[in-house]
Amino acid sequence: MEWLIGGGPIMIPLLICSVLALAVIIERAINLRRNKILKPEIIQTIEAINNPADIPFAISKCEVIAGPFSNLLRRMLSNNHLTREEKFVDIQAAGRQEIKVLEKRLLILEVITAIAPLLGLLGTVLGLENIFGIISELGLGQAKAFSGGLSEAIRTTVLGLFIAIPSLVAYSYFDKKVDTFALEMEEYAMRLLNKLYPSEDFGKK
């Protein structure tokens, strides 16, 4: 605590950034697990659909099981008046909307990654300004005051980097994970599309 207080007022926004980053990392680690996104029940539902008669049951299943994957599947099954090409475009549009849900709060990590080092640098600059104030008043003979002020000046930079580096790693990891889920969702959607539209004429019936 003494080390943090010694860093000056810039330590306050840095601490806020650290708490926000930790909260987002924990929340995304919990909610971006594969079995919470690509739920086995939805995958089993896709496998069970073999003809248009199975669609009402699948839609009811998706209404019970909430999530981006079930939302995508429900939208796909609901618009039966569309042709195969129109359905494909609709799936892509719906997929982009659901990906935004998966990317929720990752923007916070991205912003923290950018601003934490800058806040640290700002704290260092302010600390150096105080050091030059000490030098102008006491001269260079006060080595203890000078070294102590310099130590305080670099604390904000150290903390800023300490926050930014794990935040960047977490952001990259979760962003890659979302991309993987998006590809898998698209793969399952296309598998279902091929089941429901074995020929171009199906969508026109």
> Counting only residues that are free of Cβ contacts under 8 Å to residues at least 60 places away in the same chain and either touching a helix residue (DSSP H, G or I) at 6+ places or on another chain (Cβ under 8 Å) or open to solvent by less than 20 Å² (accessible area, probe 1.4 Å) (or both), how many does the range 58-68 have?
Replying inline: 7
> Does Lys104 satisfy the condition of being under 30 Å from Ser172 (Cα atoms), basic (Lys, Arg) and not in a helix (DSSP H, G or I)?
Replying inline: yes
>> For Val19, only one of the following conditions fails: (1) over 18 Å from Leu102 (Cα atoms); (2) surrounded by 12 or more Cβ atoms within 10 Å (Cβ to Cβ). What is its number?
In response: (2)
> Does at least one position in the range 54-72 carry a residue that is among the aromatic types (Phe, Trp, Tyr), in a helix (DSSP H, G or I) and at pLDDT 85 or above?
Replying inline: yes
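For (1) within 21 Å of Leu106 (Cβ to Cβ); (2) touching a residue at least 12 places away in the same chain (Cβ under 8 Å), each residue gets a yes or a no:
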site: Ala21; (1), (2): yes, yes
site: Ile25; (1), (2): yes, yes
site: Arg28; (1), (2): yes, yes
site: Asn31; (1), (2): yes, no
site: Ile43; (1), (2): no, yes
site: Asn50; (1), (2): no, yes
site: Ala53; (1), (2): no, no
site: Pro56; (1), (2): no, no
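Residues that are touching an Asp or Glu at 6+ places or on another chain (Cβ under 9 Å) and assigned to a helix (DSSP H, G or I): does the range 34-44 have at least one?
Yes, the range 34-44 contains a residue that is touching an Asp or Glu at 6+ places or on another chain (Cβ under 9 Å) and assigned to a helix (DSSP H, G or I).
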> Within the range 75-97, can you find the residues that are open to solvent by less than 70 Å² (accessible area, probe 1.4 Å) and either of a type in the set (Val, Ile, Thr) or part of a helix (DSSP H, G or I) (or both)?
Replying inline: Met76, Leu77, Ser78, Thr83, Arg84, Lys87, Asp90, Ile91, Ala93, Ala94, Gly95
> Name the residues in the range 182-205 that are open to solvent by less than 10 Å² (accessible area, probe 1.4 Å) and either part of a helix (DSSP H, G or I) or at pLDDT 90 or above (or both), would you?
Replying inline: Met185, Ala189, Leu192, Leu193, Leu196, Gly203
>> Among the residues that make up the range 69-89, is at least one of them of a type in the set (S, T, N, Q), more than 30 Å from Phe162 (Cα to Cα) and touching a residue at least 40 places away in the same chain (Cβ under 8 Å)?
In response: yes
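The values are calculated or read from the model by the stated rules, or taken from the named source; none is laboratory data. Since the model is a prediction, treat every value here as computed from it, not as a measurement. Here the Cβ is made from the backbone with ideal geometry for all residues, glycine too, and neighbour counts use every protein chain on show. SASA here: full protein model, heavy atoms, side chains in, ligands and nucleic acids out. Shrake-Rupley method; radii C 1.70, N 1.55, O 1.52, S 1.80 Å.
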